[in-house]
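Working notes, structure below.
The values are calculated or read from the model by the stated rules, or taken from the named source; none is laboratory data. The shown structure was predicted, so the numbers you read here are calculated from the model rather than taken from an experiment. Cβ placement follows ideal geometry from the backbone for every residue including glycine, while neighbour counts extend to all protein chains displayed.
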Amino acid sequence: MGQLPVGVRCCQQPNLSLTKWRAFIFIFTLFIYTTFHASRKPISVVKSVLHPNCTEIALKENKTITPENATFCMWKPFDTNDYNALLGYLDLSFLLSYALGMFFLGQVAERIICGFFQSSGWPAVVTIMGNWFGKSNKSGNINSNGVPKLELSSNFDDDDV
């Protein structure tokens, strides 16, 4: 019989302290919400990251491009000569599923169902974090001071984004 999966072994150790469980829940919740948010990115944004222009990156990093490292900045499997076909398959799968959804459900899918699923992320995060960290650890809305300060210090420049 093989070893138990890592997740099962971690959950079977009830002797972890409350602080360690809180750290685990915080990191796990952050990871889950990050992947939830990343799933909302359009394919056009993702494609430019999967197959970027290595020449521009090489100039910024002072690297010399040779035939051996011509694809140093690209993600696998998009670092081969058939990257256009692979990116086309990505487009096909996304746009076909979107078109079928629009054909059968139209405005209902676009306005109600998508919003319903996207709005389920943040309340779940707040509930999980609130239950694990309790009311005594809540110190107000941290965004009320941090976000305006950050925006004002950057002079509202969008060049960094």
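Report whether or not LEU87 is in contact with a Lys or Arg (Cβ under 6 Å, 6 or more places away or on another chain), surrounded by 12 or more Cβ atoms within 10 Å (Cβ to Cβ) and without any contact (Cβ under 8 Å) to a residue 60 or more places away in the chain. Step through it out loud before you land on a result.
On the way: in contact with a Lys or Arg (Cβ under 6 Å, 6 or more places away or on another chain): yes; surrounded by 12 or more Cβ atoms within 10 Å (Cβ to Cβ): yes; without any contact (Cβ under 8 Å) to a residue 60 or more places away in the chain: yes.
It is true that LEU87 is in contact with a Lys or Arg (Cβ under 6 Å, 6 or more places away or on another chain), surrounded by 12 or more Cβ atoms within 10 Å (Cβ to Cβ) and without any contact (Cβ under 8 Å) to a residue 60 or more places away in the chain.
Can you tell me which of ILE32, ILE27, ILE112 is closer than 30 Å to MET129 by Cβ, modelled with pLDDT of 80 or more and either of a type in the set (Gly, Ala, Ser) or surrounded by fewer than 13 Cβ atoms within 10 Å (Cβ to Cβ) (or both)?
Selected residue: ILE27, the only one of ILE32, ILE27, ILE112 that is closer than 30 Å to MET129 by Cβ, modelled with pLDDT of 80 or more and either of a type in the set (Gly, Ala, Ser) or surrounded by fewer than 13 Cβ atoms within 10 Å (Cβ to Cβ) (or both).
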